[in-house]
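Only the coordinates and a few stated rules stand behind these numbers; no lab work does. Being a predicted model, the structure only gives us computed values, none of them experimental. Every residue, glycine among them, receives a Cβ derived from its backbone with ideal geometry; neighbour counts consider all protein chains shown.
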Amino acid sequence: MLQRIQTIFILLSLLAPVFLFITAQDVDIFGTLPILNAICVVLILAGALSLFSYKNRKRQILLNNFSIIINVLLIGLLAYWLLNLSGGIAFPEKGIEPVFPLIAVICLLIANVYIKKDERLVKSVDRLR
């Protein structure tokens, strides 16, 4: 159902971990553990499942909330990485990675607002029958 506005926001939040996966190949947080790649894959799967579960709005809200929590933890993890990165704050290549989870959180919050609005509309129509 691409005609719903919340689907567009969920799609935008789905593209954020894809771009993070592409740009964050040099991020080394805990040594050789590919934690960032695993988190990106989990976010992509949760976003895709949320995108295609448009008939079940409660599941969609639950998956979006799960993605919001994971993205907030990812922002904290990337901020920790940026603070421990050598080169000082004036290093020009620092700082693009935490932007993608932040965009995803904002898009998912807006999508949840529209999903709840749809839920209220469906309940009001059911009341009139």
Report ³J(HN,Hα) in whole Hz for each residue of the range 72-81, in order, from the Karplus equation J = 6.51 cos²θ - 1.76 cosθ + 1.60 where θ = phi - 60°; Gly and Pro get x.
-> 5, 5, 5, 4, x, 5, 6, 5, 4, 5
Taking the mean number of other Cβ atoms within 10 Å as a proxy for protection, how do you rank 96-107, 70-81, 49-60 from highest to lowest?
-> 96-107, 70-81, 49-60
